[in-house]
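Colleague: Below: one structure in structure tokens.
The values are calculated or read from the model by the stated rules, or taken from the named source; none is laboratory data. Bear in mind that the values here come from a model prediction, so they are computed numbers and not experimental data. As a convention, Cβ positions derive from the backbone with ideal geometry for all residues, glycine included, and neighbour counts pool all protein chains shown. Note: areas computed on protein heavy atoms with side chains; ligands, DNA, RNA excluded. Shrake-Rupley method; radii C 1.70, N 1.55, O 1.52, S 1.80 Å.
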Amino acid sequence: MNALAPVSQLGGVVLAVALAPLLAGWVAQCRAWLQSRSAPSLLLPYRTLRKLFRKDAALATQASPLFRATPYAVFGAMATAAAIIPSVTTDLPLARVADAIALVGLFATARMFIALAAMDIGTVFGSMGARREMMIGFLAEPALLMVLFNAFLMFGSTALPTIVKGTLDADGLTLHPSLAFAGVAFVMVLLAENARIPIDNPGTHLEVTMIHESMVLEYSARHLALIEWASWLKLFNYACIGFTLFVPWGIAPHTAGPSGLLLAIVWLLVKLAVAGAVLAVIETVSAKLRIFRAPEFLSMAFLLAVLGLLVHLLLQS
Amino acid sequence: MMPPLNLATQLLHVLAAGLLMISFSMLAQRRTRRLIVLLAWQGVVLTASTLLVAVTAHLQHLYYSAALTLIEKVWLMPWILLRLMRRLGIEGDSDPLVNIPTLMLVGLGLVIFAFGLAQPISSLATTVTRQTLGIAMAVILLAFLMMIARHKAVTQVIGFLSMENGLFFAATSTTYGMPMVIELGIALDLLVGVFIFGIFFFQIREQFDSLDLHQLEALKED
């Protein structure tokens with residue numbers, strides 16, 4: 001660990017929190033272009049946040065303290081997750097404390113809080129959304145773990161920085177067929193977990209289809225702002241997990257100085273721009289699945305990830 | 001850590017994995033048109049892998065069989081199948097017998113079985129491509145499963161063609177391909193087979209007004 005480590009640790013989290021709305025704005029802009037609508041401003045998410053933070057929060061009279069605490073808990077979980085994922089540098093003191101399995105646990109904690117808060121108010125929409133969210137979550141979680149196991153098997157470690165280091169240190173380009181399976185499975189999990197189009201459509205308020213939106217209907221003002229920010233941060237985190245597993249080039253190693261970190265940030269921006277555009281394309285070309293098809297979609301993701309493990313054992317043992 | 005492999009072998013492994021992935025998406029696919037498109041893609045991957053083996057092993061005759069694969073499996077047969085589909089007017093969904101997650105689980109079991117079966121055989125082989133034998137066998141078994149689990153004649157034929165793709169891949173990966181005469185014979189057989197299937201489709205539909213093969217189970221005359 002060098003002297004820069006605490007700085008880069010804190011800077012990584014601040015960067016993730018600051019950039020997450022930008023990524024959401026970029027994806028929305030790409031989608032608008034692809035659907036030949038006039039695109040909203042790239043900074044729209046920031047303006048939304050400013051607007052929401054200025055307003056007065058309204059709370060239901062029956063709301064318990066859990067309901068008030070949830071936005072902070074969810075946002076905190078996502079920020080902690082951002083501290084574990086090596087998005088810019090591998091020199092993260094916190095990443096040594098918590099590995100990728102703890103990361104999945106953090107996501108699960110956030111999901112549990114938001115589902116509990118949705119049921120707390122006692123509206124029909126809230127509990128319906130919570131039930132749907134838990135169904136999607138319990139199917140997506142094993143698939144995500146299997147995707148991570150694919151990378152763990154390759155480098156014999158459950159820590160994300162070790163995986164990045166392993167790929168960066170390998171001399172020459174090595175193609176891993178098992179990562180092709182894991183990659184497809186990961187994209188499917190990302191779509192499902194971030195309430196993206198084949199599973200959920202965050203743009204509508206149509207009661208028969210929505211999942212994530214129906215859980216946060218009761219929130220307003222700063223609470224809603226934190227929830228929205230946390231969901232953008234979740235997308236950012238997932239994108240960064242994807243970069244760590246599949247395209248780790250550009251992430252600064254332990255020895256990099258300040259200039260190396262700056263270069264890594266530029267790389268991160270480039271990768272985020274590409275990933276956002278690809279995400280927008282996927283969302284535009286696919287139609288939303290019926291909710292009863294979601295288990296099929298996610299079991300496909302799980303099977304692909306398991307298949308990746310099997311292919312790894314066959315071809316690379 | 002694994003021992004370093006050269007780039008050609010790695011590429012071949014990736015192509016083999018792609019073949020397996022296409023097989024799985026065929027198993028999960030409900031629409032007949034998409035199935036035919038996936039079959040054509042399987043042909044593309046097969047062509048690429050044959051070309052790769054030809055380049056790395058410097059084998060003249062594999063170039064011809066790659067060209068043959070490209071013409072027959074990527075262009076001609078999907079074209080015939082699409083034409084048949086349009087003429088018969090069967091563009092709708094083809095419901096599988098079992099629900100798709102169950103089918104995928106059974107498929108996963110088959111893949112494990114095929115990998116286990118191929119391990120001792122491929123450890124005896126000497127070619128650089130021997131490790132892909134397990135994947136070739138998995139493709140064959142998955143195609144079998146697809147034939148069993150569908151009840152429309154067209155999808156069963158597509159399963160049959162996919163199985164042939166798996167066999168062809170097994171041949172190139174274990175023994176660097178069959179002699180040219182045999183390969184030409186198989187190609188011709190397949191083509192004739194598809195033509196005869198086409199004629200059968202029309203006959204079956206004329207008799208039963210549908211392509212559902214469950215109708216064939218009632219054989220007694222009233």
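Colleague: What residues qualify as long-range amide H neighbours of A:LEU4, i.e. H under 5 Å apart, gap of 5 or more or another chain, H built at 1.01 Å from N?
Modeller: Residues meeting the amide H criterion: none.
Colleague: Give the calculated FRET efficiency between A:THR174 and A:PHE292 to the nearest 0.05, with a Förster radius of 56 Å applied to their Cβ-Cβ distance. Please list the in-between numbers first.
Modeller: Values: r = 41 Å, r/R0 = 0.72.
My answer for the efficiency is 0.85.
Colleague: Per-residue mean of other chain beta-carbon atoms within 10 angstrom of the beta-carbon, peptide A:302-314?
Modeller: Mean shielding count: 6.
Colleague: Follow-up question, since we're still on this one. Tell me, which longest segment in chain A has none of the trypsin sites (Lys or Arg not before Pro) that fall in DSSP loops with at most 12 further Cβ atoms within 10 Å? Please list the in-between numbers first.
Modeller: Details: sites that count: A:ARG37, A:LYS55, A:ARG290.
Of all site-free stretches, the longest is A:56-289.
Colleague: Using 0.36 nm per residue, how much length does the chain from A:VAL281 to A:ARG68 gain when fully extended, once their Cα-Cα distance is taken away?
Modeller: On the way: separation 213, 0.36 × 213 = 76.68 nm, distance 3.66 nm.
Stretched out fully, the A:VAL281 to A:ARG68 stretch lengthens by 73.0 nm.
Colleague: What whole number of Å gives the distance from the Cα centroid of the stretch A:80-104 to the Cα centroid of the stretch A:222-283?
Modeller: The two parts, judged by their Cα centres, are 13 Å apart.
Colleague: Show me B:134-141, B:58-65, B:36-43 ranked by packing, highest mean number of other Cβ atoms within 10 Å first. Could the numbers behind the result be given before it?
Modeller: Working: B:134-141: 26.1, B:58-65: 15.2, B:36-43: 20.9.
Listed from highest to lowest mean packing, they are B:134-141, B:36-43, B:58-65.
Colleague: Across peptide B:13-24, how many C-beta atoms of other chains are within 10 Å of each residue C-beta, on average?
Modeller: Working: counts 9, 7, 1, 4, 13, 3, 0, 8, 8, 0, 0, 5.
Mean shielding by partner chains, rounded to a whole number: 5.
Colleague: Still on this structure, please answer the following. Based solely on C-alpha atoms, express the radius of gyration and the Dmax of the stretch A:139-209 in angstrom.
Modeller: When restricted to the Cα atoms of the stretch A:139-209, Rg and Dmax are 15.9, 53 Å.
Colleague: Under the definition of partner shielding as Cβ atoms of other protein chains within 10 Å of a residue Cβ, what is the mean value for peptide B:118-125?
Modeller: Working: counts 1, 3, 0, 0, 1, 0, 0, 0.
Per residue, the number of nearby Cβ atoms from other chains is 1 on average.
Colleague: What is the Cα centroid distance between the stretch A:119-179 and the stretch A:1-78, reported in whole angstrom?
Modeller: Going from one Cα centre to the other spans 21 Å.
Colleague: Another one. If we count every other residue with Cβ under 13 angstrom of A:ARG50's Cβ, Lys/Arg +1 and Asp/Glu -1, where does the sum land? Spell out each step's value before the answer.
Modeller: Working: positive: A:ARG47, A:LYS51, A:ARG54, A:LYS55, A:ARG222; negative: A:GLU228.
Here the charged neighbours net out to +4.
Colleague: Let me have the relative contact order for chain A, percent, based on Cα pairs under 8 Å that are six or more residues apart.
Modeller: This gives 30 percent for chain A.
Colleague: Mind checking the dipole of chain A: about its Cα centre, +1 per Lys or Arg Cβ, -1 per Asp or Glu Cβ, Debye to the nearest 20? Don't skip to the end; give the middle numbers.
Modeller: Working: 20 positive and 16 negative charges, 145 e Å.
The calculated dipole for chain A is roughly 700 debye.
Colleague: Continuing with the same structure: What does the stretch B:1-53 give for Rg and for Dmax, in Å, if only its C-alpha atoms count?
Modeller: 13.4, 43
Colleague: Which Rg and Dmax, in Å, describe the Cα atoms of the stretch A:1-41?
Modeller: Cα-based Rg and Dmax for the stretch A:1-41 come out at 16.1, 49 Å.
Colleague: Output the 0 to 90 degree angle, nearest 10, between the alpha-carbon long axis of helix B:32-57 and the longest principal axis computed from the alpha carbons of chain B.
Modeller: For helix B:32-57, the angle is close to 20 degrees.
Colleague: Right, something else. Does anyone have the angle between helix B:133-149 and the longest principal axis of chain B? Alpha-carbon axes, 0 to 90°, nearest 10?
Modeller: Roughly 10 degrees between the two axes.
Colleague: 222 nm [θ] for the protein assembly as shown, helices only, -39500 (n - 2.57) per DSSP H run of 4+, per residue, to 500?
Modeller: Working: 19 runs with 386 residues, N = 539.
The per-residue figure over the protein assembly as shown is -24500 deg cm²/dmol.
Colleague: Further question: How long are the semi-axes of the equivalent ellipsoid of chain A, defined as square roots of 5 times the Cα gyration tensor eigenvalues? Whole Å, largest first.
Modeller: They are 31, 23, 19 Å, listed largest first.
Colleague: Under Stokes-Einstein, with the Kirkwood radius over Cα pairs standing in for Rh, what whole-number D in µm²/s applies to the stretch A:70-225 at 20 °C and 1.002 mPa s? Walk me through the numbers on the way to the answer.
Modeller: On the way: Rh = 17.1 Å.
This corresponds to a translational diffusion coefficient of 125 µm²/s.
Colleague: Taking chain A as the reference, fit the longest principal axis to its C-alpha atoms, fit the long axis of helix A:65-84 to the helix C-alpha atoms, and give the angle between the two in degrees, 0 to 90, nearest 10.
Modeller: 20
Colleague: Given labels modelled 7 Å from the Cα in the Cβ direction, how far is it in nm from B:LEU76 to A:LEU59?
Modeller: 7.5
Colleague: Which whole-Hz couplings ³J(HN,Hα) result when phi for each residue of the stretch A:52-59 is put into the Karplus expression 6.51 cos²θ - 1.76 cosθ + 1.60, θ = phi - 60°, listed in order with x for Gly and Pro?
Modeller: 5, 5, 7, 7, 8, 7, 10, 10
Colleague: Treating each Cα of the stretch B:111-166 as an identical point scatterer and ignoring solvent, apply the Debye formula and state log10 I(q)/I(0) at q = 0.27, 0.28 Å⁻¹.
Modeller: Scattering profile of the stretch B:111-166, log10 relative to I(0): -0.95, -0.98.
Colleague: Calculate one ³J(HN,Hα) per residue across the stretch A:231-237 by plugging θ = phi - 60° into the Karplus curve 6.51 cos²θ - 1.76 cosθ + 1.60, and present them in order as whole Hz with x for glycine and proline.
Modeller: 6, 5, 5, 5, 4, 4, 4
Colleague: Still on this structure, please answer the following. Measure off 7 Å from each Cα along the Cα-to-Cβ vector at A:ALA32 and B:ALA67, then give the distance between these two points in nanometres to one decimal.
Modeller: Result: 5.4 nm between the two label points.
Colleague: Could you state, as a whole-number percent, how many of the C-alpha pairs of chain B are farther apart than 23 Å?
Modeller: On the way: 11948 of 24531 pairs.
The share of Cα pairs beyond 23 Å in chain B comes to 49 percent.
Colleague: Right, another one. Around A:LEU289, which amide H atoms from residues at least 5 apart in sequence, or from another chain, sit under 5 Å from its own amide H, with H modelled in the peptide plane?
Modeller: Residues meeting the criterion, in which the H sits 1.01 Å from N, are A:ILE199.
Colleague: Output the peptides A:58-67, B:184-193 sorted from most to least packed, where packing is the average of other Cβ atoms within 10 Å over each peptide's residues. Mind dumping the intermediate values first?
Modeller: Working: A:58-67: 11.9, B:184-193: 14.2.
The densest-packed peptide leads the list: B:184-193, A:58-67.
Colleague: Quick one: pull the percent of accessible area on the protein assembly as shown belonging to carbon and sulfur, 1.4 Å probe, ligands and nucleic acids left out. Numbers along the way, then the final one.
Modeller: On the way: 16560 of 24060 Å².
For the protein assembly as shown, the apolar C and S fraction of the accessible surface comes to 69 percent.
Colleague: Calculate the translational D of the stretch A:105-156 in whole µm² s⁻¹ from Stokes-Einstein, where the hydrodynamic radius comes from the Kirkwood formula applied to all Cα pairs, the temperature is 10 °C and the viscosity 1.306 mPa s.
Modeller: Values: Rh = 12.3 Å.
Rounded, D is 130 µm²/s.
Colleague: Shifting gears a bit: Run the count for the protein assembly as shown, please: Lys pairs, Cα-Cα under 28 angstrom, 8 or more apart or on different chains.
Modeller: 10
Colleague: What is the Cα coordinate range of the protein assembly as shown on the first, second and third principal axes, sorted by size from largest, in whole angstrom?
Modeller: Principal extents (largest minus smallest coordinate, Cα): 77, 63, 42 Å.
Colleague: Further question: Rounded to the nearest 100 Å², what is the sum over both chains of accessible area buried where A meets B, with a probe of 1.4 Å? Show your work: numbers first, answer last.
Modeller: Working: alone 14400 and 11970 Å², together 24060 Å².
Approximately 2300 Å² gets buried when A meets B.
Colleague: Take the Cα atoms of the stretch A:174-249, find their three principal axes, and give me the spread along each one in whole Å, biggest first.
Modeller: Largest first, the stretch A:174-249 extends 49, 27, 13 Å along its Cα principal axes.
Colleague: Separate question: Given a cut-off of 18 Å, what percent of all Cα-Cα pairs of the stretch B:120-213 lie beyond it? Before the final figure, lay out the partial values.
Modeller: Working: 2468 of 4371 pairs.
It works out to 56 percent of all Cα pairs.
Colleague: Using only the Cα atoms, what convex hull volume per residue in Å³ does the stretch B:76-177 have?
Modeller: Working: hull volume 9.2 nm³, N = 102.
Spread over its residues, the Cα hull of the stretch B:76-177 gives 91 Å³ apiece.
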